[in-house]
Amino acid sequence: MIDIAFNQAGITIVHDDPALDSATGFFVKRTGGQCLFALARGAIREIEEIIPEDLRAEVIDQSEAMIVRMDGLRPVKTGTIVVHLMN
């Protein structure tokens, strides 16, 4: 599960995958809205979520997003991740 929320504070990414704890960046394509995570050792992970065009307009390149890993209803790890826009 990966959910992406846009709110007053910016972007919050909520997930339940321990592999994403090593993510070093979150990338959003300007056209199409596809997303991917940059992981440790140069690996990437594409995700199914597509960010709609109206929300992509709110994404600021090089901004920080909150990233939260959940275990059921309990947050078990929180941090920040840099958001990048790409063509």
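The values are calculated or read from the model by the stated rules, or taken from the named source; none is laboratory data. Keep in mind that what you see is a predicted model, and the values were worked out from it rather than measured. Every residue, glycine among them, receives a Cβ derived from its backbone with ideal geometry; neighbour counts consider all protein chains shown. Accessible surface is based on the protein model in full, side chains and every heavy atom, while ligands, DNA and RNA are left aside. Shrake-Rupley method; radii C 1.70, N 1.55, O 1.52, S 1.80 Å.
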Residues in segment 45-83 that are without any contact (Cβ under 8 Å) to a residue 12 or more places away in the chain and small (Gly, Ala, Ser) total 2
In segment 47-66, which residue that is assigned to a strand (DSSP E or B) and at pLDDT 90 or above is least open to solvent (accessible area, probe 1.4 Å)?
65
Please enumerate the residues belonging to segment 45-78 that are on the phi < 0 side of the Ramachandran plot and of a type in the set (Gly, Ala, Ser).
57, 63, 65
Scanning segment 1-46 for residues that are of a type in the set (A, V, I, L, M, F, W, C) and assigned to a helix (DSSP H, G or I), the one least open to solvent (accessible area, probe 1.4 Å) turns out to be 20
Restricting the first residue to segment 24-38 and requiring it to be farther than 11 Å from residue 83 by Cβ and free of Cβ contacts under 8 Å to residues at least 12 places away in the same chain, which pairs with a second residue that is of a type in the set (S, T, N, Q) and open to solvent by 50 Å² or more (accessible area, probe 1.4 Å) meet a Cβ separation below 7 Å and a spacing of at least six or different chains?
none
Looking at residue 69, is it under 16 Å from residue 13 (Cβ atoms), among the charged types (D, E, K, R) and open to solvent by less than 70 Å² (accessible area, probe 1.4 Å)?
yes
